[in-house]
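Okay, so here's the structure we're looking at.
The numbers here are math on the coordinates, done by the rules we state, and not lab data. None of the values given here were measured: they were computed from a predicted structure. Glycine also receives a Cβ, built like all others from the backbone with ideal geometry; neighbour counts cover every protein chain displayed.
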Amino acid sequence: DAKTTQPPSMDCAEGRAANLPCNHSTISGNEYVYWYRQIHSQGPQYIIHGLKNNETNEMASLIITEDRKSSTLILPHATLRDTAVYYCIVQNTGRRALTFGSGTRLQVQP
Amino acid sequence: GAGVSQSPSNKVTEKGKDVELRCDPISGHTALYWYRQSLGQGLEFLIYFQGNSAPDKSGLPSDRFSAERTGGSVSTLTIQRTQQEDSAVYLCASSLIGSGGAGELFFGEGSRLTVL
């Protein structure tokens, strides 16, 4: 499975967009990009996933570069409740369980 | 229930005792996963069940750990002769492999195990 690289921590002002980057330069053609987050003391929560095209849902947008070597998770209007560890995972699921790295700790500031 | 249910939510045991942790996945979900998370650490994969296939046990840290999934639904994670380093939150997740959300895992709230 392709390795991902994320900054260990980021800050964002409440109400502003939070842009969380992820590098996955060794991604292969059949691997998806998944984003999860884990709020303190809770189980991880699925946010979004994509293969090639940009994706948007009620929680976030996922922007994948044309060469698929990196992606950005966008929380359009961050709130204090978005403070969490955000995990970017690249994997061809269905064959193996998702493998979580160390993620990015996002702190939303009031 | 609507979500993944785990029990007990908290378990305190003495070193050397056996413990069992239970997971009730979302009804109809074909895949079930166990992870553990030590204090301040990331999620460590333990075992993965998918339908009737042989489970992927590659993440189990030692032969003291075992898990079964009965009838394709409820799963039990058993830790024998517990050690202090087994103290962690044990998380269970389920998913519906084969749908568009193949990677959408739904996690329970976890079972916090403390070994004294």
Legend entry - Net dipole in debye of segment A:32-77 [+1 Lys, Arg Cβ; -1 Asp, Glu Cβ; about Cα centre; nearest 20]: 120 debye
Inset, instruction - Anything over 26 Å Cα to Cα? Flag those among A:3/B:11; A:3/A:52; B:15/B:57; A:3/B:57; B:11/B:57, in the order listed. - result: A:3/B:11
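Shielding by partners for B:37-44, please: the mean number of other protein chain Cβ atoms within 10 Å of each residue's Cβ. Display every interim value, and only then the final one.
Working: counts 4, 0, 0, 0, 1, 8, 12, 2.
Mean shielding count: 3.
When only Cα pairs under 8 Å and 6 or more residues apart are kept, what is the percent relative contact order across segment B:1-49?
That works out to 30 percent.
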Legend entry - Top positive-direction residue, dipole computed over chain B with Cβ charges, set B:9, B:93, B:23: B:9
Legend entry - 18 Å Cα-Cα reach of residue B:17 towards aspartates and glutamates, excluding residues that sit fewer than 8 places from it in its own chain: B:63, B:85, B:86
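Neighbouring Cβ atoms within 10 Å as the yardstick, rank A:16, A:37 fewest first.
Values: A:16 13, A:37 23.
Fewest to most other Cβ atoms nearby, the residues stand as A:16, A:37.
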Legend entry - Other protein chain Cβ atoms within 10 Å, averaged over every residue that makes up B:45-51: 2
Legend entry - Cysteines without a disulfide-compatible neighbour (Cβ-Cβ under 4.7 Å), chain A: A:12
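What number do you get for chain A when its Cα radius of gyration is normalised by 2.2 N^0.38 Å, N = residues? Kindly include the intermediate steps, with their values, before the conclusion.
Details: Rg = 13.2 Å, N = 110, 2.2 N^0.38 = 13.1 Å.
It is 1.00.
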